[in-house]
Amino acid sequence: MCLILFAYRVHPDYPLILAANRDEFYERPTAPAAFWDDHPFVLAGRDLEKGGTWMGVTRTGRFAAITNYRAPGHDRPDAKSRGFLVSDYLTGTDKPKEYLEKVQQDRGLYNGFNLLVGDTESLYYYSPILDEISKVAPAIHGLSNAVLDTPWPKIKKGKEKLTKAISYKIIDEALLLSILSDSEEAPEEELPDTGVGKEWEKMLSPIFIKSSQYGTRASTILMIDHDNNIVFNEKSLLPELRQWKQSRFTFSAED
């Protein structure tokens, strides 16, 4: 993922409401969200190049999502795929904090990342940049390619829009998806300086990214209510067809 907006224990009916965009090169082979054949309890899209994923949920209510940390010049070509940090959690049995303690020990195997892992009881965040495992506080949060709640323009705008969208008792999934489709670029004076140059900073500044080779490939809504009913609603781009596929899954978390 390259943008994750989420309300954690803010709405009276939904402990977790999340809206996220995955940004990637269009040529990278990807499978849209589905229950996996090799792990039928895992619901997620899949990176067909390496085999991991960027975000998913299980039939028991385990959840994980990742974003890359933007640090040009510091990424190693021999690093392990960060998508395994999500898929290993989803297919495993470790509690969220226990899992992140293992990730912390192996952080040197990966290029920079931000990782959220949780279940129906708790939610934790870890980034090697801070090298601190944190229990996520109840609030509306935003995560892109810097650490949690870094006030980039897309994060500030996204959090404001999410705050308004969840102010109603009944959550409108279409409204949440519309937040993720905002392609307005940030004003130049508000752009961060992450070392990729002004042209790329501007292209990467919207909530929804589009360019000739790289852009938003999936927009996903995840909601979990107090009875552990789960909604997973995703729009996935099929680049070869230049079409979007929408899939919606609902189920109750199992014990």
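Numerical summary
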quantity: Neighbour-count order for Arg76, Arg59, fewest beta carbons within 10 angstrom listed first; calculated: Arg76, Arg59
quantity: Residue-averaged [θ]222 nm for the chain, counting only DSSP H segments that reach four residues, each worth -39500 (n - 2.57); calculated: -5000 deg cm²/dmol
quantity: Region 174-254: chymotrypsin sites (Phe, Trp or Tyr not before Pro) in DSSP loop, at most 13 other beta carbons within 10 Å; calculated: none
quantity: Potential lengthening between Lys102 and His39 on full extension [0.36 nm per residue; Cα-Cα distance subtracted]; calculated: 20.5 nm
quantity: Relative contact order, percent, region 96-158 [alpha-carbon distance under 8 Å, six or more residues apart]; calculated: 24 percent
quantity: Estimated inter-spin distance, Leu175 and Glu254, nm [label 7 Å along Cα→Cβ]; calculated: 3.4 nm
quantity: Approximate shape of region 136-230 as ellipsoid semi-axes (Cα gyration tensor, √5λ), whole Å, largest first; calculated: 27, 15, 12
quantity: Relative contact order (%) - region 23-118, alpha-carbon pairs under 8 angstrom, separation at least six; calculated: 27 percent
quantity: 14 Å Cα-Cα reach of Lys159 towards aspartates and glutamates, excluding residues that sit fewer than 8 places from it in its own chain; calculated: Asp149, Asp182
quantity: Global geometry of region 39-130, whether rounded, prolate or oblate, following the gyration tensor of its Cα atoms and the 1.5 cut on a/c; calculated: oblate
quantity: Convex hull volume per residue in cubic angstrom - Cα atoms of the chain; calculated: 121 Å³
quantity: Contour minus Cα-Cα distance for Ala137 and Leu238 (0.36 nm per residue); calculated: 32.8 nm
quantity: Estimated vicinal HN-Hα couplings, Hz - region 192-202 in sequence order (Karplus 6.51, -1.76, 1.60; Gly, Pro = x); calculated: x, 10, 9, x, 9, x, 5, 4, 6, 4, 5
quantity: Where a label projected 7 Å from the Cα of Asp182 along Cα→Cβ would reach, residues of region 205-240 with amide N under 15 Å; calculated: 205-209
quantity: Assigned charges on the beta-carbon of Lys, Arg, Asp, Glu; the chain dipole about Cα centre (debye); calculated: 240 debye
quantity: Within straight-line cross-link reach of Lys245, aspartates and glutamates at Cα separation under 15 Å, skipping those fewer than 8 residues along the same chain; calculated: Glu234
quantity: Alpha-carbon centroid distance for the pair region 36-72 / region 162-210, whole angstrom; calculated: 22 Å
quantity: Sparse-neighbour loop sites [GluC sites (Glu not before Pro); region 78-142; at most 12 other C-beta within 10 Å; DSSP]; calculated: Glu121, Glu132
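Values in this text are rule-based calculations from the coordinates and carry no lab data. This structure is a prediction, so every number in the text was calculated from the model and none was measured. Using ideal geometry, Cβ is built from the backbone for each residue, glycine included, and neighbour counts are taken over all protein chains shown.
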